[in-house]
Structure formats: structure tokens, C-alpha cells
């Protein structure tokens, strides 16, 4: 092999190793506990192990967690406690209801307990059906900082949203999201009649923990009439009824 070809080969190998090392770092970071995705909390550890008891395959473990989180914790965007403690995964386990960030966060935290990398992603979403009550409060149909999980399976990130429980989906006339073990299960685009149900408008990217200050700041920016509540951040208990 000519010297210039050897140099190109060596450069390509080093570049490939560099990206492999970056990937390993990304995966390793997605296994660490965070302030909000507190996978080191004993209640989160116990819940993860109990929910997946007897299940050894990582894909089936995530399927079990996805289903249980979707159904055990009723989706409730009207009863919000946004102080730092309430956003933690361990806090969701003290009640039977939660919103998107809490439910998706618990999926990420429990995946980490089992040694499966997970992280959060956030987006602004337009919800076109069944939101008249919420729209009246928010003064828009834009749901800001909607959170969903990204779980690393099959050597790639899979987007999962164990958010809308089955009874709510039936009420809204949309399919219940199911994780088939292979594909994203992140949102229902249309209802059963073909009407648009959900539309992703803006994506914030992926995070290894909930970016709390950004979360509160974006809510305050898009819902200025609620800003005086939201910007308190600490000890905030916002009841929307």
C-alpha cells in the first residue's frame, strides 16, 4: 500500500475511533442519575425492578415499563406542581397522575436503573383535539416544552412517550400509543376520523436531565399571563382547574 494510502487509512481509523469514543461518552452519560431523573433513588430502583420482575430482555423491559407508566399514572395537565422536588421521578411515584415530563422522565430513570441508556427530549406541540379547557387557560393550543423519552436500543435512540393513558385516548378518539420494541412511539398524528391530532412545531433537543430553568423560562415566555406564578420556580404549586 502506498504511503499516502496508509496515511489516509490511519487518519480514517483515528477519526472512526474518535467518534466511537464520543458515542461511548454519550451513552455513559445517559446512564448517570440526575437531580430530576434520579435513578439512584430507592423508590425508583424498586419500581423499575418490580415492574420488570422476571423479564430479562432489555426491549421487553422497556415495553413493560412503557405500558405500566402509561396506565398507572393518569395524564393530568390541570394539576401542576412545578417546584424542583415535584419534577423528580421519585415524586411521581407518590401519586397516581402526572404530565408529560414526569411520565417520560420516569421511563428514562427506570431504564437507567436497568442499565439501559436514556435521556429526555423536549418540543413545542400543537394539540388540535380535546384541549378547549386547557386552551382557555393557556390562551393558545401550543403546548410548550412537551417532554418525551429517548431510549437507546438496537444501537440507536428510540423516541417514546408513555403519556396518554388508554381511557384518555378512547375519549379523544385516537389510538393508544404502543411500543412494538422497534419503532418510535412518540405521538398520534391523526384521530380515527382522519383529523389532525398533534403537530410538533419546535424541538429543543436532547438532555441528560430536565433543564429546569429553561423549562420554567420557556413556559413563562409563551404564557406571559402565568409568568408571575411560573417564575417563582421554588415552592410553586400551580393548580389549574
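The values are calculated or read from the model by the stated rules, or taken from the named source; none is laboratory data. Note that the coordinates shown come from a computational prediction; the quantities given were computed from them, not determined experimentally. Note that each Cβ is placed from the backbone with ideal geometry, even for glycine, and that neighbours are counted across all protein chains shown.
A few remarks follow.
- Those residues of region 179-202 which are surrounded by 13 or more Cβ atoms within 10 Å (Cβ to Cβ), modelled with pLDDT of 90 or more, on the phi < 0 side of the Ramachandran plot and in a loop (DSSP other than H, G, I, E, B), in sequence order: 179, 184
- When residues in region 52-63 are screened for being surrounded by fewer than 18 Cβ atoms within 10 Å (Cβ to Cβ) and in contact (Cβ under 8 Å) with a residue 12 or more places away in the chain, 2 of them pass.
- Condition met for residue 6 (modelled with pLDDT of 95 or more and part of a helix (DSSP H, G or I)): no
- The residues on offer are 170, 213, and the sole one that is at pLDDT 80 or above, surrounded by fewer than 16 Cβ atoms within 10 Å (Cβ to Cβ) and under 18 Å from the mean Cα position of the chain (by Cα) is 213.
- Any chance residue 47 is closer than 25 Å to residue 168 by Cβ and crowded, with 18+ Cβ neighbours inside 10 Å: yes
- Sub-6 Å Cβ pairs linking a first residue in region 158-183 that is without any contact (Cβ under 8 Å) to a residue 40 or more places away in the chain to a second residue that is assigned to a loop (DSSP other than H, G, I, E, B) and surrounded by fewer than 17 Cβ atoms within 10 Å (Cβ to Cβ), at least 6 apart or interchain, are 158/184; 159/184; 169/176, ordered by first then second residue.
- Qualifying residue in region 49-63 (condition: modelled with pLDDT of 90 or more, more than 30 Å from residue 134 (Cβ to Cβ), touching a helix residue (DSSP H, G or I) at 6+ places or on another chain (Cβ under 7 Å) and not in a helix (DSSP H, G or I)): yes
- Test: residue 37 is touching a helix residue (DSSP H, G or I) at 6+ places or on another chain (Cβ under 7 Å) and either surrounded by fewer than 20 Cβ atoms within 10 Å (Cβ to Cβ) or part of a loop (DSSP other than H, G, I, E, B) (or both): yes
- Evaluating residue 156 against the criteria (1) modelled with pLDDT of 80 or more; (2) touching a strand residue (DSSP E or B) at 6+ places or on another chain (Cβ under 9 Å); (3) surrounded by fewer than 17 Cβ atoms within 10 Å (Cβ to Cβ) leaves one unmet condition, (2).
- Selection status of residue 89, surrounded by 22 or more Cβ atoms within 10 Å (Cβ to Cβ) and modelled with pLDDT of 95 or more: yes
- Of residues in region 133-152 being surrounded by 16 or more Cβ atoms within 10 Å (Cβ to Cβ) and in contact with a helix residue (DSSP H, G or I) (Cβ under 6 Å, 6 or more places away or on another chain), the one farthest from residue 113 (Cα to Cα): 144
- The one condition in (1) within 13 Å of residue 62 (Cβ to Cβ); (2) part of a strand (DSSP E or B) that residue 148 fails to fulfil: (1)
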